[in-house]
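Engineer: Take a look at this one; I'll ask things after.
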Amino acid sequence: MQQRKNRPDSFKKDAVRRLMARGSKTVSEIAKELGVSPSMLHRWREQFEPGLSGATPVSQGEREEVERLRRELRDLQAENSLLKNGLAQRASCSTRNSRNMSGPWKSDRQLFGAA
């Protein structure tokens, strides 16, 4: 079994900087270059990125709020999509019906008289 390597914080911070400025490289490619796993890079980014980018760390409550808002957004987008599809179907049906009534063809009532 492979022994865990304890990397110094300077190595981790440098890895996060490389990750932030990676350009077209994937996380896996950078992890391979550094000899660490991609999941390790993600953990280091969560740990060190707020301090490196100058942003303030996010609290647990703020994270939960962001997740709640993302779920709500996803639900509203799905609902909006359903409403748009229903409206499009309704519009196509009413267009089809109006074409049948106003075309050059006569309706049954016009042909056979009102019953």
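Read-outs throughout are calculated quantities, based only on the coordinates presented, and are distinct from any laboratory measurement. Just so we're clear, the structure is a prediction, and the values are computed from it rather than from any experiment. Cβ placement follows ideal geometry from the backbone for every residue including glycine, while neighbour counts extend to all protein chains displayed.
Engineer: Hey, how many Å between the Cα centroid of the range 6-32 and the Cα centroid of the range 61-80?
Structural biologist: 30
Engineer: A further question follows. On full extension of the chain, what length is gained from residue 47 through residue 59, given 0.36 nm per residue of separation minus the C-alpha to C-alpha distance?
Structural biologist: 3.1 nm
Engineer: Taking the Cβ-Cβ separation of residue 69 and residue 20 as r and a Förster radius of 25 Å, what is the calculated FRET efficiency to the nearest 0.05?
Structural biologist: Once rounded, the FRET efficiency stands at 0.50.
Engineer: When a footprinting reagent is the concern and you count Cβ atoms within 10 Å, what order do 27, 36, 16 take, fewest first?
Structural biologist: 27, 36, 16
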